[in-house]
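Report on one structure; see the data block that follows.
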Amino acid sequence: MDHHFFMREALKEAERAYALGEVPVGAVVVDPGGRIVARAANLREKEKDPTAHAEILALRQAAQVVGDWRLEGYTIYVTLEPCPMCAGAILEARIWRLVFGTLDPLKGAAGTVIHLFSHPALGFRGEVLGGILEGECSELLKKFFRELRRDG
């Protein structure tokens with residue numbers, strides 16, 4: 001799989017979130033054949049929903065498209081390391097591979113703060129890969145928070 005291509009697609013979703021005034025995080029879910037089956041941007045403010053993270057929305061959409069909540073063999077690309085809620089949802093969906101852009105030093109659950117994917121009781125047998133287009137993913141988030149502080 002071309003991780004850079006799919007992360008650029010996730011970045012497009014992050015840019016959509018940014019344009020809406022949301023924290024700019026985007027996600028795409030890719031099937032085992034390399035086809036994007038779902039894409040989503042953070043929509044917590046718009047939806048007034050604390051669970052409307054890009055990962056959750058993309059997983060819901062993927063499950064609808066596939067017709068099953070089990071997404072074994074699928075890959076999720078997300079611009080920011082998932083939080084514990086999103087990591088749990090990724091594990092529950094049985095996603096095989098998580099690919100993320102930049103680390104989340106506050107809530108990262110794929111190795112930065114905690115590592116849910118390596119916890120033996122959770123049974124994850126897939127792959128976690130971080131740092132794909134890290135600079136671009138990080139810069140969009142930094143830009144958003146700089147502007148938020150300036151305007152806030």
- request: Could you tell me which of the residues E147, E136 is touching a residue at least 12 places away in the same chain (Cβ under 8 Å), assigned to a helix (DSSP H, G or I) and of a type in the set (D, E, K, R)?
  value: E136
task: Just give me the residues in the range 35-70 being of a type outside the set (K, R) and open to solvent by 90 Å² or more (accessible area, probe 1.4 Å), in sequence order.
output: E45, E47, P50, Q64, W69
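P50 - would you say it is under 20 Å from Y18 (Cα atoms) and touching a helix residue (DSSP H, G or I) at 6+ places or on another chain (Cβ under 6 Å)? I'd like the intermediate steps shown before the answer.
On the way: under 20 Å from Y18 (Cα atoms): yes; touching a helix residue (DSSP H, G or I) at 6+ places or on another chain (Cβ under 6 Å): no.
Here the answer is no, as P50 does not meet what is asked.
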message: What pairs come out if I take residues in the range 51-76 that are closer than 19 Å to F124 by Cα and modelled with pLDDT of 95 or more and pair them with residues that are of a type outside the set (A, V, I, L, M, F, W, C) and not in a helix (DSSP H, G or I) whose C-beta lies under 7 Å away, six or more apart or interchain?
response: E55/P82; R70/R94; L71/R94; E72/R94; G73/P32; Y74/D31; Y74/P32; T75/R97
Single match in L140, L122, L148 (criterion: at pLDDT 95 or above and either surrounded by fewer than 16 Cβ atoms within 10 Å (Cβ to Cβ) or of a type in the set (A, V, I, L, M, F, W, C) (or both)): L140
message: Quick check on this structure: which one of A38, A17 is without any contact (Cβ under 8 Å) to a residue 60 or more places away in the chain and either assigned to a helix (DSSP H, G or I) or out of contact with any strand residue (DSSP E or B) (no Cβ under 9 Å at 6 or more places or on another chain) (or both)?
response: A17
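Can T79 be described as of a type outside the set (A, V, I, L, M, F, W, C) and in a strand (DSSP E or B)? I'd like the intermediate steps shown before the answer.
Details: of a type outside the set (A, V, I, L, M, F, W, C): yes; in a strand (DSSP E or B): yes.
Yes; evaluated as a whole, the condition is true for this residue.
The values are calculated or read from the model by the stated rules, or taken from the named source; none is laboratory data. All figures in this text were calculated on a predicted structure; none of them were measured in a lab. Backbone-built Cβ (ideal geometry, glycine too); neighbour counts: all protein chains shown. These accessible areas exclude ligands, DNA and RNA; they are computed on the full protein's heavy atoms, side chains included. Shrake-Rupley method; radii C 1.70, N 1.55, O 1.52, S 1.80 Å.
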